[in-house]
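Enquirer: Sharing a structure below in structure tokens format, with a few things to ask.
The values are calculated or read from the model by the stated rules, or taken from the named source; none is laboratory data. Keep in mind the model is a prediction, meaning the values are calculated, not measured. Glycine also receives a Cβ, built like all others from the backbone with ideal geometry; neighbour counts cover every protein chain displayed.
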Amino acid sequence: MNYSTSDNVALNALLERWSHGDRGALDQLLTNLYTDIHAIAVRQLNHERHSSLRPTALVHEAYLRLAGLNQIRLQDRTHFLSMAARVSRQALMDEARRRRAAKRDGGTPVTLSDTNLGEPDQVYDALDVDELLTELERYDSMAAEIVGLRVFGGLSIEEVAESLTVSVATVNRRWAAGKVWLMRELTRQ
Amino acid sequence: MNGFDRGRAFQLFEQALGLGDSTRTLFLRDQCGDDVSLRREVEALLLAATADGAPTSVLLNPTERSIENLVGEQFGHFRLVEFIGEGGMGVVYRAERIDGILQTVAIKLIGNELARTGQERFKRETQLLARLEHPAIARLIDAGVEQGRAWIALEFVPGRPIDTYCDDEMMPMRSRVRLLAELAGAVAAAHRMLVVHRDIKPANVLVNAEGSPKLIDFGIAAALEDATTAHTQTADIGRLFTPHYAAPEQVSGEPITVATDVFGLGALGYRLLTGQTLYPEARGAIGYLLAITQREVDAPSRAAQNAADPHTAKQLRGDLDAILRKALERDPVRRYSSAAEMQADLRRYLDDVPVVARPPSVAVRAGKFVRRNFVAVSLATVFSVGLMAAGIAYVLQARNAAEAREMAARRGEFLEELLKSANPRGGKHEVTVAKLLDESANKIGGLVEKEPLVGASLLGLVAESNMGLGRYPEGLASSTREIEILRANRGNALDLAEALSIRGELLIAGGHDLDAQAPLREALALVEHRGATKQLAAALEGLAKAEQNLGHEAQAELLYKREIEVYRNSGEDFGGKVGFPLSGLATLRYDQGRYAESAAYMEKALKIERSKFPADHPDLLDAEYNYAVTLEQSHQAPQAEPVFRQLLASYRRILGRDHSETYSAQQGLAHDLLSQKRYQEAADEALPAAQGLSRTLGDDDSWTLTAWGVYGISACLAGHGDAGLEALRRVAVIRAKQPIENHWRTMVTDVQIGTCLIASRRFAEAEPLLLGAVAALERERGVHNDHTQAGYRALRDLYANSGRQLESDVWQKKILDGG
């Protein structure tokens, strides 16, 4: 997917409106982001004969497309990444569910790798991760949020702290707890 | 498939992660009880977390290492020449370059081995520090890691620690202030390079023969802490701190900022100017911990007075008192917002120009914003100071004099013992409170064998200290043991009741209001008919708080009232304590929207608090402000007026006329006059307030905008439509640029502009503006909101005045109090 010049102008206008507090513009931006990330994900899954997604790479690619190709000044990288992490989770899960329902690839589950959770090569079932994060949200919503930002946005501890406006110490503690719990649940079977 | 509550397992795991090994066991026993599968799950998670990269802080576990003689050894380009001394982090040697260049440096060797990631971090940090150049900062010349051991070469400063220097030379007051100002300038320069010292104390300021001060060890504490914790996953980072010079946030684990150094400068100044330390009566680490978490610092002049130095006291009274107190505020955001500001104030003192002390800072403004909207919130914190005082009294007093002496003596001995064993080499002043408390909890075990009741009382102290630090699970663990011991040894019922009440407080503080009720009820049953005022009141107060948090307003009310009754009937002097339950009742009433009753309780509580605090205590002034606002809100604007005027006079006296807080109080008065429909007077007060706020806080500050809003509407209603409209339109323009969360405020301004237009009989312009604003306010703030209601009133008036009575009636029906 390519951005035309008019897309470019439109995007710039959206960012401009958003920076002035236009909520509608933010919705539009997020929709665009969703489409973008979803497209990258599908492309990866189809073309690379690969059922494993690297969410962090997806988000970074989306960021670079916006910031680089379009020469848009995204002043707030952290803000963008945290937004993108949420949108990305949504997009990837939608795709994973669609594939499961369509039984494409003989029902091969979509997996995630390079997740910040353990070894970079370790893969986890995307839908399991999503379901467990939803469960964790009930126990400690901040821990779940932190894990989500780390796994789906690739944010560093410091960036998470900045994004949630909490201390690095808090992020560290909850990330440690959330990660250990999630890994244990993922490897329980 | 699982026999346990997964959510609870996760939460316990998360809490236990922050605990030491031994405390963990107790904590788990306490929390899991008989639930074996729950406990097993939590333990498995903990095991997984440990395997994942054991979260240990190297700083906290100094490896046993006797002081080796390293003279002659080589580090980088330097050879160690002479052992100079030993600091908190390691040993210091004088060293010389080996490559023929004449240069003497001080080399600091860090006592612990750093992990590989830590080493890299350490190198990066020290590279940054090497760029720090200032005549009053000892330069970092080189740094490196040799065999896993970090070393730092610093500019060698031949000199004496600043406190010794000042005392030896019998320096006069002004010269001491000049030294302090110079140091503040050096710290400010470092801050501009984003380096925080965080261990400012006399031992780290050396004065050379020419009388110039130099700060040593700049940023090194931070570099080391970062380096040693670079790889840990959990962040239960016990920090090093120096008693009497550490800021409260260093002890409690809050973020360290430039304000930490401002506190350090304040503490250093306190020592230099008064000859006293901040908490002269604190003994041992626990005593110090209690002081720093619970006690206000004595005014410098008072400290000098207490030390029988009336001459110094006289010099300190006024400006220097104000400067040091501002630097030593417990809340970092209320301190000088930078070292540069503090330096400027010290300079003003030296130049005999009035000092600013308490200039506007972000937090003061934020605090005010809160108190304007959520009176009860800040009221609760104001009066919790009284509660804290009660906590100290508990620690310092005992039931009778003989017992007190006995227990205090044992306690002192025991604490000293603990302190020594926490520092194998002795003589060092750095300890981490969190670690010390955890160790105390363990060590008390040995004492319990011989002296169970003394052990229990110490455990109570540990529990309470942990509560002061916000470490509730640790506090609970100690509290559990204390209660066990008291039960097993048939301890005094009053002691048991007290322990149970503290347990209740800990549970409430940790958000477990339901669980808190059982121990509090037991405490209540134990003391109910014993005439033990303090214990009975404590149990009632805890229960009241729990019920209030649970939303059981009626029960909370009964309990607060009983508490007041207990104090009243005691015949002892508990008068000061009644403030807390009274303000609790005020909060209840406020939450119920019964503002008049809330104000009445506040008035009573204030009467008591006024006798406990000096009249110009900032918390007390905040409380007065809350009272005035609540009165105004309860349609008693005329009664609020004298309170506002009094406040304004206080602020003018304390802070001067040209100060944002003074202008904010004036804005409050203007608002009150507006409520009384005294439009011209309101406009006359609002205009200087708004202009002053624009100047001191900036045009886009929310207080400035509120003040211009009050001015605009008052001016319009007083018949100056054009001036009023112009002010309101300016507000609208600024509001429109603000973040989306504040969108509704633009609508508030639109309602004001609409009201203004009506006053000028410009109905056609007012109508669409008001309809749009009211629709948005209904959507975003709800129909009961004060601003929405103001919009309804404006629309009602609009239609009534333009002869459209039917439409006017429609809006009239939506107005809640018919007013």
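Enquirer: Could you say whether any residue in region B:734-741 is closer than 21 Å to B:Gly668 by Cα, away from chain A (no Cβ under 13 Å) and touching a residue at least 24 places away in the same chain (Cβ under 8 Å)?
Expert: Of all residues in region B:734-741, those closer than 21 Å to B:Gly668 by Cα come to B:735.
If we keep only those that are away from chain A (no Cβ under 13 Å) too, we end up with none.
No, there is no match, as no residue in region B:734-741 is closer than 21 Å to B:Gly668 by Cα, away from chain A (no Cβ under 13 Å) and touching a residue at least 24 places away in the same chain (Cβ under 8 Å).
Enquirer: I want to confirm something. Restricting to region B:771-806 and keeping residues that are free of Cβ contacts under 8 Å to residues at least 12 places away in the same chain and outside any loop (DSSP other than H, G, I, E, B), which single residue is farthest from B:Ser760 (Cα to Cα)?
Expert: Going residue by residue through region B:771-806, those that are free of Cβ contacts under 8 Å to residues at least 12 places away in the same chain are B:775, B:778-779, B:782, B:785-786, B:800, B:803-806.
Of the ones still in play, those that are also outside any loop (DSSP other than H, G, I, E, B) are B:775, B:778-779, B:786, B:800, B:805-806.
Working: B:Ala775: 23, B:Glu778: 26, B:Arg779: 28, B:Asp786: 23, B:Ala800: 15, B:Gln805: 19, B:Leu806: 22 Å.
Across region B:771-806, the extreme among qualifying residues is B:Arg779.
Enquirer: When region B:531-556 is examined, which residues are found to be of a type in the set (Lys, Arg) and under 13 Å from B:Asp495 (Cα atoms)? Steps first, please.
Expert: First pass over region B:531-556, keeping only residues of a type in the set (Lys, Arg): B:534, B:545.
Matches in region B:531-556: B:Lys534 only.
Enquirer: Taking the conditions exactly as written (at pLDDT 80 or above and within 10 Å of another protein chain (Cβ to nearest Cβ)), does B:Phe4 satisfy them or not? Don't jump to the end; show me each part of the working.
Expert: On the way: at pLDDT 80 or above: yes; within 10 Å of another protein chain (Cβ to nearest Cβ): no.
So B:Phe4 fails the test.
Enquirer: If a residue must be among the hydrophobic types (A, V, I, L, M, F, W, C) and closer than 21 Å to B:Leu486 by Cβ, how many such residues does region B:510-558 contain?
Expert: From region B:510-558, those among the hydrophobic types (A, V, I, L, M, F, W, C) are B:514, B:516, B:518, B:520, B:523-527, B:532, B:536-540, B:543-544, B:546, B:550, B:554, B:556, B:558; that's our starting set.
After this cut, where a residue has to be closer than 21 Å to B:Leu486 by Cβ as well, the list is B:516, B:518, B:520, B:523-527, B:532, B:536-540, B:543.
Looking only at that region, the number is 15.
Enquirer: Tell me which of these B:Thr126 doesn't satisfy, since it passes every other one: (1) in contact with a strand residue (DSSP E or B) (Cβ under 9 Å, 6 or more places away or on another chain); (2) β-branched (Val, Ile, Thr); (3) in a loop (DSSP other than H, G, I, E, B); (4) modelled with pLDDT under 85.
Expert: It is condition (3) that B:Thr126 fails.
Enquirer: Please return the ranges of helices (runs of 4 or more DSSP H) entirely within region B:449-517 where 1 or more residues are over 18 Å from B:Ala539 (Cα atoms), modelled with pLDDT of 85 or more and of a type in the set (Asp, Glu). Spell out how you get there, then give the answer.
Expert: Details: elements: B:452-468, B:472-488, B:493-509.
Filter on region B:449-517 gives B:472-488.
Enquirer: Could you figure out which of (1) farther than 26 Å from B:Ala683 by Cα; (2) within 14 Å of chain A (Cβ to nearest Cβ) isn't true of B:Gly772?
Expert: The single condition B:Gly772 does not satisfy is (2).
Enquirer: A follow-up question, please. How many residues does region A:100-150 contain that are modelled with pLDDT under 80 and of a type in the set (Lys, Arg)?
Expert: 3
Enquirer: Could I ask something else about it? A:Leu45 - would you say it is on the phi < 0 side of the Ramachandran plot, modelled with pLDDT of 70 or more, within 14 Å of chain B (Cβ to nearest Cβ) and buried (at least 18 other Cβ atoms within 10 Å of the Cβ)? Step through it out loud before you land on a result.
Expert: Working: on the phi < 0 side of the Ramachandran plot: yes; modelled with pLDDT of 70 or more: yes; within 14 Å of chain B (Cβ to nearest Cβ): no; buried (at least 18 other Cβ atoms within 10 Å of the Cβ): yes.
In short, no.
Enquirer: Something else about it: Over 21 Å from B:Tyr627 (Cα atoms) and at pLDDT below 95: does that describe B:Ser650? Before the answer, list the steps.
Expert: On the way: over 21 Å from B:Tyr627 (Cα atoms): no; at pLDDT below 95: yes.
No, not satisfied.
Enquirer: Same structure again: Across region B:520-534, what is the total count of residues that are surrounded by fewer than 24 Cβ atoms within 10 Å (Cβ to Cβ) and either in a helix (DSSP H, G or I) or of a type in the set (D, E, K, R) (or both)?
Expert: So in region B:520-534, the residues surrounded by fewer than 24 Cβ atoms within 10 Å (Cβ to Cβ) come out as B:521-522, B:524-526, B:528-534.
When the remaining residues are screened for being either in a helix (DSSP H, G or I) or of a type in the set (D, E, K, R) (or both), the result is B:521-522, B:524-526, B:528, B:530, B:533-534.
Qualifying residue count, region B:520-534: 9.
Enquirer: Another question, if that's okay. Could you tell me which residue of region B:684-708 is farthest from B:Ala670 (Cα to Cα), considering only residues that are of a type in the set (Asp, Glu) and more than 28 Å from the chain's Cα centre (by Cα)?
Expert: Quick first cut of region B:684-708, residues of a type in the set (Asp, Glu) only: B:684-685, B:699-701.
Filter once more, keeping what is more than 28 Å from the chain's Cα centre (by Cα): B:684-685, B:699.
Numbers: B:Asp684: 8, B:Glu685: 5, B:Asp699: 19 Å.
For region B:684-708, the residue satisfying everything is B:Asp699.
Enquirer: Please enumerate the residues belonging to region B:190-206 that are buried (at least 20 other Cβ atoms within 10 Å of the Cβ) and over 26 Å from B:Gly275 (Cβ atoms).
Expert: Of all residues in region B:190-206, those buried (at least 20 other Cβ atoms within 10 Å of the Cβ) come to B:190, B:195-202, B:204-206.
Correct list: B:Ala190, B:Val195, B:Val196.
Enquirer: Considering only helices (runs of 4 or more DSSP H) fully contained in region B:179-288, which possess at least 1 residues that are at pLDDT below 85, more than 19 Å from the chain's Cα centre (by Cα) and of a type in the set (D, E, K, R)? Lay out the reasoning, then the answer.
Expert: Values: elements: B:220-229, B:248-252, B:258-274.
So the answer is B:220-229.
Enquirer: Okay, next question. Can you pull out every residue in region B:321-334 that is out of contact with any Ser or Thr (no Cβ under 8 Å at 6 or more places or on another chain), modelled with pLDDT under 90 and surrounded by 20 or more Cβ atoms within 10 Å (Cβ to Cβ)? Let's see the steps before the verdict.
Expert: From region B:321-334, those out of contact with any Ser or Thr (no Cβ under 8 Å at 6 or more places or on another chain) are B:322-331; that's our starting set.
After this cut, where a residue has to be modelled with pLDDT under 90 as well, the list is B:322, B:325-326, B:329-331.
If the condition is that a residue be out of contact with any Ser or Thr (no Cβ under 8 Å at 6 or more places or on another chain), modelled with pLDDT under 90 and surrounded by 20 or more Cβ atoms within 10 Å (Cβ to Cβ), then B:Ala322, B:Arg325, B:Lys326, B:Glu329 are the ones that fit.
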